[in-house]
Amino acid sequence: MTDIRHEWDHRIKDWPTIHKIANDLGLAGEGHHFYCPGCQPLRNGAPELAIREGNFECFRCGARGDVVGLVKLARKCDLEAAIAWLERETGTEGTLP
Ligand SMILES: [Zn+2]
């Protein structure tokens with residue numbers, strides 16, 4: 001499972017893909033900054049969660065991780081469900097070794 005996760009981290013680092021994923025996760029924000037699903041559910045103040053090259057970090061609550069971690073945080077699901085969602089999202093279901 002960690003190998004598959006690494007594969008996803010490697011695969012998803014271009015901004016258009018990350019931005020699409022953030023949109024489809026229901027994250028709102030401006031540019032590379034989004035409201036944190038963990039600590040800003042009401043979307044007040046400035047968006048504190050920054051996404052850069054496949055990694056995210058929230059400057060408010062300190063949540064950080066990779067794209068798979070972002071899916072887990074936004075959807076409040078486990079690793080397996082997050083990867084399954086990414087497969088559906090990117091249309092790559094069944095193409096990973
Ligand atoms: Zn946060």
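Some points to look at:
- Among the residues making up region 63-81, those that are open to solvent by 60 Å² or more (accessible area, probe 1.4 Å), without any contact (Cβ under 8 Å) to a residue 40 or more places away in the chain and more than 10 Å from the ligand (Cβ to nearest atom) are 72, 76, 78.
- In the condition set (1) open to solvent by less than 40 Å² (accessible area, probe 1.4 Å); (2) closer than 17 Å to residue 72 by Cβ, residue 28 is compliant with all but (2).
- Residues of region 40-57 satisfying the condition of being open to solvent by 20 Å² or more (accessible area, probe 1.4 Å) and under 27 Å from residue 10 (Cα atoms): 47, 48, 52, 53, 55, 57
- Being in contact with a strand residue (DSSP E or B) (Cβ under 9 Å, 6 or more places away or on another chain), without any contact (Cβ under 8 Å) to a residue 60 or more places away in the chain and open to solvent by 70 Å² or more (accessible area, probe 1.4 Å) is a description that applies to residue 60.
- Taking strands (runs of 3 or more DSSP E) as the structural unit, those lying wholly within region 1-87 and holding at least 1 residues that are small (Gly, Ala, Ser) and either at pLDDT 95 or above or within 11 Å of the chain's Cα centre (by Cα) (or both) correspond to 49-52, 64-66.
- Qualifying residues in region 4-53 (those that are acidic (Asp, Glu) and in contact with a helix residue (DSSP H, G or I) (Cβ under 9 Å, 6 or more places away or on another chain)) - the one nearest to residue 71 (Cα to Cα): 24
- The combined condition, being among the acidic types (Asp, Glu), crowded, with 16+ Cβ neighbours inside 10 Å and away from the ligand (no atom under 16 Å from the Cβ), is fulfilled by residue 89.
The values are calculated or read from the model by the stated rules, or taken from the named source; none is laboratory data. Given the structure is predicted, the values throughout are model-derived calculations rather than measurements. Positions of Cβ are generated from backbone atoms using ideal geometry, with glycine treated the same way; all protein chains shown enter the neighbour counts. When the accessible area is computed, the model is the full protein with side chains, heavy atoms only, and any ligands, DNA or RNA have been set aside. Shrake-Rupley method; radii C 1.70, N 1.55, O 1.52, S 1.80 Å.
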